[in-house]
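Novice: Could you have a look at this structure, given as structure tokens, before my questions?
Here, each number is a calculation from the coordinates, and none is a lab measurement. Just so it is clear, the structure is predicted and the values come from calculations on it, not from any experiment. For neighbour counting, all protein chains shown are included, and Cβ atoms are generated from backbone atoms with ideal geometry for every residue, glycine included.
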Amino acid sequence: MPPKTTTTTFITTVLLLLTVTSVTPKSTIEPCSTNNSCTALLGYTLYTDLKLSELANLFQTDPINILSINSIDVSQSDVVSHILPSQLFLKIPITCSCVDGIRKSVSTRYKTRPSDTLSSIADVVYGGLVSADQIKEANEIDDPNVLDVGMSLVVPLQCACFNGTDNNMPVVYMAYVVRPVDTLAGIAVRFKTTVTDVMVVNGLGGGDDVEDGDILAIPLSACASNFPRHAFDYALSVPSGGYAVIANHCVQCSCTPGSRLYCQPASMSVSCSSMQCKRSNLMLGNVTVQQSSAGCNVTSCDYGGFVNGTIITTLSSSLQPRCPGPQQVPQLIAPPIVVSPDMVSAPPTPASPDMVPAPAPSPFQLSGAPIDSLPGSVVPSTSSSLVFPPSANGPSGTSSRACTLVNPLSSFSLAMVLVLFLKVMFPFL
């Protein structure tokens, strides 16, 4: 029979573990001191079935840009009304600005609905990409428990630019919310980068690991343009595996093998200005080759930017050692109607064969969820004015960790169940 003191000590230890505070989400913050902006990405998982137009409205971005960056075919009829399935993981393009010395996007606004709370908006609707405290601060809300229906809230979403480079190579940065099953190695493999790069970008030490709710800046390899500064799409950078639809939806550009930006007429282009190169029969994206004893003469009609509403095309010729093959562009997929394992943010948890998945809750149902039933996500305030210039060899950010209390009610309930169980097992207590 175990000594009473030993059992009592065990119970006390368990109770302490259930009621102590836990260290939760850390986030990567990029200090800044200039007014320039960049196109960044958000890694977002749909919390319910949403029309493409609803998703675009959630982030105030172009629905065609959402599809193209994820290599989803935009040419299908009525694609904006297509319903995207719950739990689908997508990259969402946003404009990342410098506000109060911190990189973030402030172009997103959310209109409150009945039963919304700051926590449900932050943790459910926006998937932990922002915290309730950040929304409260950005909107100068005195009482977070009182939200009028129809309020227009600024949603300050985390993002990063880091000069659009990583190890002197062009990249686009994506804010990614870590899921319970994620590891640094798994994240690196999924997004075709390295553990070292993820650690350096996010200021992680050798002993650091990622936890559920952490927000990491993930460098995605990209192709950078060299359009003139006066072009509307100056400094365009397209991540590998996706497209950018530009010039009033007339041109689509992708990152081909060899990190070369390749642009061609968009599949949905209508009423577009001429895309034929002057003094040539070649159209935008066309290439001719002619083998010679000295090599291969290659002539191409390239995109030169969108200037004053006009598509600029340039004819270029070069002598190459060998003739190039056909352009290899990312494969387009049909707008998804179901979620396959490779379309979610993390590997799904194995389920029993006889388990039937429950239908996705509606936005109204989720918005009305009580605070203590939602996952916690508290990230540092973004009002800091500290500025640290990025290093010459890559990004330099700060990784901050904030604390939140474990739900005391749920902890108490678990403790009572444990005590009752031990009372039955050890009646001498």
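Novice: Give me the number: length gained by fully extending SER107 to LYS192, i.e. 0.36 nm times residue separation minus the C-alpha to C-alpha distance, one decimal in nm.
Specialist: Length difference between fully extended and current span is 27.7 nm.
Novice: Now for a different question. For the stretch 243-320, what does the relative contact order come out to in percent, with C-alpha contacts under 8 Å and a separation of six or more?
Specialist: Working: 147 pairs, mean separation 17.9, N = 78.
Relative contact order of the stretch 243-320: 23 percent.
Novice: To continue, here is another question. Hey, quick one: spin label on ASN286, modelled 7 Å out along Cα-Cβ, who in the stretch 246-267 has an amide N within reach, i.e. under 18 Å?
Specialist: Zone members listed by number: 251-252, 263-267.
Novice: Would you list MET268, MET283 from fewest to most Cβ contacts within 10 Å? Mind showing how you got there, number by number?
Specialist: Numbers: MET268 17, MET283 14.
Result, fewest neighbours first: MET283, MET268.
Novice: Oh, and also: Quick one: length gained pulling GLN76 to THR256 fully straight, 0.36 nm per residue minus the C-alpha distance? Working shown, then result.
Specialist: Numbers: separation 180, 0.36 × 180 = 64.80 nm, distance 2.38 nm.
62.4 nm is the gain from fully extending GLN76 to THR256.
Novice: Listing ARG279, ARG190 from the residue with the fewest other Cβ atoms within 10 Å to the one with the most, what is the order? Working shown, then result.
Specialist: Values: ARG279 7, ARG190 17.
Exposure proxy ranking, most exposed first: ARG279, ARG190.
Novice: What shape does the stretch 243-320 have by the C-alpha gyration tensor, where a ≥ b ≥ c are the square roots of the eigenvalues, rounded means a/c under 1.5, and otherwise prolate means a/b greater than b/c and oblate the rest?
Specialist: Prolate.
Novice: Find how much the distance from GLU137 to SER340 grows on full extension, using 0.36 nm per residue of separation minus their present alpha carbon separation; answer in nm with one decimal.
Specialist: On the way: separation 203, 0.36 × 203 = 73.08 nm, distance 3.79 nm.
Extending this stretch completely gives an extra 69.3 nm.
Novice: Note down the nm distance, to one decimal, between modelled labels 7 Å out along Cα→Cβ at ARG279 and at GLN331.
Specialist: 4.1 nm
Novice: For the stretch 315-325, what does the Karplus curve 6.51 cos²θ - 1.76 cosθ + 1.60, with θ = phi - 60°, yield as ³J(HN,Hα) per residue in whole Hz, taken in order and with x for Gly and Pro?
Specialist: Once rounded to whole Hz, the list reads 9, 10, 10, 8, 9, 10, x, 9, 6, x, x.
Novice: What nm distance separates the two modelled labels at THR310 and ASN57, each placed 7 Å from Cα along Cα→Cβ?
Specialist: 3.9 nm
Novice: Please compute the modelled spin-label separation between ASN226 and CYS296, points set 7 Å along Cα→Cβ, answer in nm with one decimal.
Specialist: 2.1 nm
Novice: Right, next: Under 15 Å Cα-Cα from LYS136, which aspartates and glutamates qualify once same-chain neighbours fewer than 8 residues away are excluded?
Specialist: Correct list for LYS136: ASP116, ASP123, ASP148.
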